[in-house]
Amino acid sequence: MRNLAQRVANTEASGIRRIFDLAANLANPVDLSIGQPDFDVPDPLKEKAAEAMRAGKNAYTPTQGGRELRSKLLAGPFKGYGESQLLVTGAVSGGLLLSYMALLNAGDEILIPDPYFVMYKQLAYMLDAVPVVYDTYPEWRLDAAKIDALVTPRTKAIVLGSPSNPTGVVYSGAELRALAEVVKKHDLIVIADDIYEFYCYDGPLARIRDFCPEHTLSLGGFSKSHAMTGWRVGWAVGPEALIQAMTKFQQFSFVCAPTPLQIAAAAAIDFDMSDAIATYKVKRDIVYQGLVDAGYDLVKPGGAFYIFAKTPWGTGTEFVEECIRNNLLVIPGGCFSDRDTHFRIAYCNTDDVLRQGVDILASLKNKR
Ligand code: PLP
């Protein structure tokens, strides 16, 4: 169609969809493909949302977000930040789009560690910007000197998640401190995707915003911590000029995050999810140990709910096609990387299903 913009062709459709098409006729697959918690939103929080709707809190909030959620965020996790440094967003995806729009001119570069979350690269294409990938194989560590070498006069930002989707890597304080030096030297912005911040299993989480607060935009939300993936509520916190630019664009696009769900999300800030999240450390250990015992080559992930393992044979796509023929749904590494040598497991399922998945993978290890 001649009317479509060039950026439509520049942006690649998600490879994950092709895998779902392949799996469409599996009746009851062992599904380790979807990155969302296997628990539901806690009932008291659903009740808060229903109460808000019944109380008539169904109109727009101000663009920057409703009072309930804003005051909870500024009194709690973002104490010390000013009102003008916070925007309530349509979850992290909304914050990512607005931040790219506010930072990147056509032709500007954004650094992205590879493997990456699918949106990081495609959003750059959607805005005619240039994603510059930084290879972190085989252990997914950050090397500030290598990142430094990739910076050009067009580089504006670096986007990263810790814990990460798809690798589960958690960056150390030393790695982030070294990165902060590079960021300050070149006056870059770090877009810190903190969506998995509560899923950190082996010690306290180091945060880039503690090393270079003036250069960090923190994006977070409730999708993974409270299983509110369909509620579309999150936040952006960072330098005032950037937050105000994002607020301007939100005014002309998303308008505001859903009002009753913002109110329920405010209650979620005080709602303890640690028992539900602790089950994910057990799940990580079941899958990690099972794959180690089966002879797979993988790095132990420190957080999120993913394992990114090397295929024992074939490309990621070839191996995943064989998994699907054996009733197991996982995602080829090529959906998250410029290479296709690995596959991603999302261990968001019951422990029994995880063990079935590990058994299938063990049986496929030497199939070729
Ligand atoms: N960032 C990462 C790394 C994710 O894995 C996801 C969802 O899978 C998102 C952002 C999107 O999250 P949200 O539901 O908050 O838009």
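Counting only helices (runs of 4 or more DSSP H) that fall entirely inside region 253-368 and contain at least 1 residues that are within 25 Å of the chain's Cα centre (by Cα), within 22 Å of Phe20 (Cα to Cα) and not aliphatic (A, V, I, L, M), the qualifying elements are 316-325, 351-364.
Within region 136-171, being without any contact (Cβ under 8 Å) to a residue 40 or more places away in the chain and over 18 Å from the mean Cα position of the chain (by Cα) holds for Asp143, Ala144, Ala145, Lys146, Ile147, Asp148, Ala149, Leu150, Pro153.
Return only the number of the condition from (1) within 11 Å of the ligand (Cβ to nearest atom); (2) closer than 16 Å to Ser164 by Cβ that Val233 does not satisfy. With (1) within 11 Å of the ligand (Cβ to nearest atom); (2) closer than 16 Å to Ser164 by Cβ applied to Val233, the lone miss is (2).
Note on region 302-354: among residues that are over 26 Å from Asp202 (Cβ atoms) and among the basic types (Lys, Arg), the one that is modelled with the highest pLDDT is Arg339. Screening Arg232 against (1) touching a Lys or Arg at 6+ places or on another chain (Cβ under 7 Å); (2) at positive phi leaves a single unmet condition, (1). If the condition is being away from the ligand (no atom under 14 Å from the Cβ), open to solvent by 20 Å² or more (accessible area, probe 1.4 Å) and in contact with a Ser or Thr (Cβ under 7 Å, 6 or more places away or on another chain), then region 144-198 contributes only His186. Among the residues of region 213-229, is there at least one that is within 14 Å of the ligand (Cβ to nearest atom), basic (Lys, Arg) and buried (at least 22 other Cβ atoms within 10 Å of the Cβ)? Scanning region 213-229, I find at least one residue that is within 14 Å of the ligand (Cβ to nearest atom), basic (Lys, Arg) and buried (at least 22 other Cβ atoms within 10 Å of the Cβ), so the answer is yes.
Per the conditions (1) within 16 Å of the ligand (Cβ to nearest atom); (2) within 20 Å of the chain's Cα centre (by Cα), the sole criterion not satisfied by Gly65 is (2). Figure legend. Inter-residue proximity from region 338-360: first residues surrounded by fewer than 20 Cβ atoms within 10 Å (Cβ to Cβ), second residues assigned to a loop (DSSP other than H, G, I, E, B), beta-carbon distance below 6 Å, spacing 6+ or different chains. Indicated pairs: Ile360/Asn326. Of the residues making up region 288-310, just one is in contact with a strand residue (DSSP E or B) (Cβ under 6 Å, 6 or more places away or on another chain) and of a type in the set (Asp, Glu), namely Asp297. For region 109-134, a residue qualifies if it is in contact (Cβ under 8 Å) with a residue 60 or more places away in the chain and of a type in the set (Asp, Glu), and the qualifying residues are Asp114, Asp128.
Filtered by the rule that a residue be away from the ligand (no atom under 16 Å from the Cβ) and of a type in the set (A, V, I, L, M), region 87-110 gives Ala102, Leu103, Leu104, Ala106.
Among the residues of region 203-212, is any at negative phi, part of a strand (DSSP E or B) and not basic (Lys, Arg)? So far as region 203-212 goes, no, none of its residues is at negative phi, part of a strand (DSSP E or B) and not basic (Lys, Arg).
The values are calculated or read from the model by the stated rules, or taken from the named source; none is laboratory data. Bear in mind the structure is a predicted one, so any value in this text is a computation, not a measurement. Ideal geometry is used to build each Cβ from the backbone, glycine not excepted, and the neighbour counts take in all protein chains shown. Ligands, DNA and RNA are excluded from the accessible area calculation, which covers all protein heavy atoms including side chains. Shrake-Rupley method; radii C 1.70, N 1.55, O 1.52, S 1.80 Å.
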